[in-house]
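Trainee: Pasting in a structure now, in structure tokens, and then I'll have a few things to ask.
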Amino acid sequence: MATDSRAPESAEARLKKKALQLVEGQKAMVEYEAGLRAMREKTERLRALRLARDAEEAKQASENPVTPAKKSAKSKAKIAAKATTKTTTKKAASGR
């Protein structure tokens with residue numbers, strides 16, 4: 001008879017436990033969905049900021065094109081010296 005008196009209590013305890021799990025699961029799902037919503041909103045906001053920044057940079061780049069720096073006479077002389085050295089070396093190697 002002792003087992004009969006425990007059976008209804010354990011069934012009642014199991015029902016309470018299941019109900020508690022259901023409520024906690026619903027709360028967890030609400031929190032999860034809220035986190036997803038917040039992440040999407042943040043991503044949209046950051047994307048809009050990035051696109052605005054990129055558009056502004058492109059606008060500034062088109063208004064103020066970057067001109068390459070002119071090479072100094074010293075740099076030009078070095079390039080010319082290398083070119084003549086290569087051609088004379090090739091001529092000597094070919095027997096001319």
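Trainee: Any residue in the stretch 38-53 that is modelled with pLDDT under 95 and of a type outside the set (D, E, K, R)?
Mentor: no
Trainee: From the list Ala69, Ala61, which one is surrounded by 10 or more Cβ atoms within 10 Å (Cβ to Cβ) and on the phi < 0 side of the Ramachandran plot? Steps first, please.
Mentor: On the way: Ala69 fails: surrounded by 10 or more Cβ atoms within 10 Å (Cβ to Cβ).
Residue meeting the stated conditions: Ala61.
The values are calculated or read from the model by the stated rules, or taken from the named source; none is laboratory data. These numbers were taken from a predicted model, which means no experiment stands behind them. Virtual Cβ from ideal backbone geometry, glycine too; neighbours counted across all protein chains shown.
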